[in-house]
Structures are given as C-alpha cells and as structure tokens.
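Remarks on the structure that follows.
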Amino acid sequence: MSLCCARCLIGAPFASLVATGLCFFGVALFCGCGHEALSGTEQLIETYFSKNYQDYEYLINVIHAFQYVIYGTASFFFLYGALLLAEGFYTTGAVRQIFGDYKTTICGKGLSATVTGGQKGRGSRGHHQAHSLERVCQCLGKWLGHPDKFVGVTYALTIIWLLVFACSAVPVYIYFNTWTTCQSIANPSKTSASIGTLCTDARMYGVLPWNAFPGKVCGSNLLSICKTNEFQMTFHLFIAAFVGAAATLVSLLTFMIAATYNFAVLKLMGRGTKF
C-alpha cells in the first residue's frame, strides 16, 4: 500500500495541483467578493448619489445581471478546474511513464496508447484483467487524454479572463480615486484646492446618466461617505475580487503551460524524433 501511494505521489501532476488550488481560491474570492461589492455599490448609489430611482434603475439591472453571471462563472470554473486536474493526472502519468520516472501503471499505458498510438494489447492470459482495465483507461483517455484540445480551450479562456481581470481593475480605480479625494479633504494642508471643489462624480464614470441628481458629492459630505463602513467594506471587497481575478489568471496560465508541455512530449514521442 505504501509503495502504491509513493508511486502515485511520484506521478502526481504538481503543477496542475497547484493551479487547481489557485483556480478554486481565485474564483471563490473573485465571485464571492465581487458579488458583495456590487451589492455595496448599489447601496451607495441609492443612498448618496441619486434621489430618483429612474436614474439608477438601469445600473441596478446591470448589477443584477453581473451577479447572475458570477454564479455561472463560479460553477463553470469549478467544473473546468476539476477536468483540467483529471487531464493533468492522465497526461502527466503518460509522460512520466515514457521517461521511466516511475513504474508503468495501467492507466498510464492506456493513455499513452491512446495519445501516441503506441501500445498494443498483450495476449497473456495472466494479464487479461489488466488488459481490460487498460482498455477502459484508453476509453477515458479518448476524452481526457487530448492536451491539444485542453490547451486550445484554456488559451481562449485565458484571453477572456484577461478582459475580466482588466474590468475588475476599473472599480478599484474608481474607489481608489474617491478614497484619495477624501484623504485630500481630510488633510487640506496637503492640497491647494478648495475643499468644496473636491468631488466624486459618479456620472463621469458612466455609472449614472448625466441628468442624474445630484450625481456628485463634494467636500465634507464626501468625506463622511468615505468614513462609512459601507464604503470601506465595498472598497476592500473590490480589491479582494481583483486579487482573485489575478490568481485565476495565473492558474489558467499554469494550466496552459503544463498542458502544452505534456502535449508536446506525447506528440513528439508518438512520432519518434520527428515533429
């Protein structure tokens, strides 16, 4: 039993394990904190930046739509992360079997035969059961043992997630500008501008239409908003969501690099020494 466990540990795809953990952590942080940060933004807009529901009705609909997208994103990434981890186990086992890093396993042989087209079944009666399991693993390999397909899908997801990562930086930038303005109001000696002219205008960022009233908050009123728990919590939640998006991006890049390496090795060894 201990020998079997040691063999499994040797064949474990550590890059995929780390990437999976990072993916789950990043997605959970991004989706959970992003959902709550959007709710906090909705509350701040309703309370301080607009007195007319029609001004922010569209914004509320957009926020709710994004929250539903977050639910779908979380479900998809947890499922896809598990698939990538399974693919990592299969292809890493086949690669390490080729290089002789650990003793051949049934699934390793089945996957290697599926991807490289190499293995042929044995005629020995003593290996009949092992051969049957190998065929089962070959069938699984037809689904999981195609790193090229996983590379393509992961590459597309990485491009899409780059856009998500960039978009997640926008609310952080807005809240940081507001926080910086509040710091200037709290320390008037550090700025030459009049406190009454230091404002945050939600209309300027496209959050509210230009005819929204008041649309902006200035001076001491803005400072009082920055001191509220709602503002502080929402600001930090957006930062956490941004960090989660960054962690997910790193995990996707790690997955892509690992899958590309496994695919290259299996393809190369399946064709001898020719590309």
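Each reported figure results from applying straightforward, stated rules to the coordinates on display, with no laboratory input. Just so we're clear, the structure is a prediction, and the values are computed from it rather than from any experiment. Backbone-built Cβ (ideal geometry, glycine too); neighbour counts: all protein chains shown.
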Cα pair distances in the range 202-252, grouped into 5 Å bins until the bin that holds the longest one, percent each: 4, 17, 13, 19, 19, 12, 9, 5, 2
Highest average packing first - 202-210, 30-38, Cβ atoms within 10 Å: 30-38, 202-210
Karplus-derived HN-Hα couplings along the range 251-262 (A = 6.51, B = -1.76, C = 1.60, θ = phi - 60°), whole Hz, x at Gly and Pro: 5, 5, 5, 5, 4, 5, 5, 5, 5, 5, 4, 4
Listed peptides 72-79, 189-196 by packing density, highest first (mean Cβ within 10 Å): 72-79, 189-196
Nonlocal amide H pairs with L198, under 5 Å, H built at 1.01 Å: G219
Cα-based shape type of the range 151-220, given that a ≥ b ≥ c are square roots of the gyration tensor eigenvalues and the cut on a/c is 1.5: oblate
Backbone N within the range 191-214 under 15 Å of label point (7 Å from S184 Cα along the Cβ vector): 191-202
Using alpha carbons only: equivalent-ellipsoid semi-axes of the range 27-88, gyration tensor based, whole Å: 33, 11, 5
